[in-house]
Amino acid sequence: MAERSQQQAAGDDLAQIQAKLASARGEFETLARQREQATGQVAAAQQELATLTKRLENRRAKVSEKESAQAAKPPRKPARLAARTKHDA
């Protein structure tokens, strides 16, 4: 009778372990899917960041070109000051 009781206990333990293993496998699969999704989101975010960085660099370059072009031109007198100077002469 004691042997049968031990076998029953071992069978119960085995069933519990198998249930835990099945649960762990399900959780593992869920986490693996979530990891795949996160990896895809990271890749998309990196691509978007690269695109935005390129746009920012292009705009900064255009601003720099405009500033360089404006610095090369001699400063002009405002229209009112130029008209007043002609009128006074």
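Looking at Arg25, Arg4, which one is without any contact (Cβ under 8 Å) to a residue 24 or more places away in the chain, surrounded by fewer than 10 Cβ atoms within 10 Å (Cβ to Cβ) and part of a helix (DSSP H, G or I)? Give the steps one after another, and end with the answer.
On the way: Arg25 fails: surrounded by fewer than 10 Cβ atoms within 10 Å (Cβ to Cβ).
From the options Arg25, Arg4, the qualifying one is Arg4.
Just to be sure, is Ser68 among the hydroxyl-bearing types (Ser, Thr, Tyr) and within 36 Å of the chain's Cα centre (by Cα)? Quick ask: steps written out before the conclusion?
On the way: among the hydroxyl-bearing types (Ser, Thr, Tyr): yes; within 36 Å of the chain's Cα centre (by Cα): yes.
So Ser68 fits the description; yes.
Listed residues Ala69, Ala38; which is surrounded by 10 or more Cβ atoms within 10 Å (Cβ to Cβ), hydrophobic (A, V, I, L, M, F, W, C) and assigned to a helix (DSSP H, G or I)?
Working: Ala69 fails: surrounded by 10 or more Cβ atoms within 10 Å (Cβ to Cβ).
Being surrounded by 10 or more Cβ atoms within 10 Å (Cβ to Cβ), hydrophobic (A, V, I, L, M, F, W, C) and assigned to a helix (DSSP H, G or I) holds for just one of Ala69, Ala38, which is Ala38.
Bear in mind these aren't lab numbers, they're just calculated from the coordinates by the rules spelled out. As the structure is a prediction and not an experimental result, all values here were calculated from the model. Because the Cβ atoms are built from the backbone with ideal geometry, glycine has one as well, and the counts that use them run over all protein chains shown.
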